[in-house]
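A short reminder: the numbers here are calculations on the coordinates, not readings from a lab. The structure displayed is predicted, hence computed values, not measured ones. So basically every Cβ, Gly included, is an ideal-geometry build from the backbone, and we count neighbours across all protein chains shown.
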Amino acid sequence: MPDENGTCDWESTVVVVHDWDGDDPLERSIAEGVVDLCSNDGLTFPTAEESERVETVDRLFSGTHLVSGEVVVTYAGCDVTVKSNGVVRIEGPADVD
């Protein structure tokens, strides 16, 4: 969670649950989790490559419920684990000063 100075506490973890059958894309669920983890001052915007990877994971798990498992990606400087059951764990990288 953001500290009293409004910066990102990289040792925190946020868990959100994404609804694969819902209208919102996976990237929105992840972005909301990143905002919960960091204030606007501590946010890093995702690269185009990171967004593409998240879209690929979204297609992998939302198109069918026959695929199970988890995928780990980096998004906006955070390590993100996406599970096929919709659980998304977002944590800051350990090497941030």
Worksheet item: Lys/Arg Cβ at +1, Asp/Glu Cβ at -1, dipole of the range 13-91 taken about the Cα centre: which of Pro46, Ser68, Val35 is farthest positive-ward?
Response: Ser68
Response to the item:
Net charge near Ala48 (other residues with Cβ under 14 Å of its Cβ; Lys, Arg +1; Asp, Glu -1) is -4
Response to the item:
In debye to the nearest 20, the charge dipole size for the range 13-91, taken about the Cα centre with +1 at each Lys and Arg Cβ and -1 at each Asp and Glu Cβ, equals 220 debye
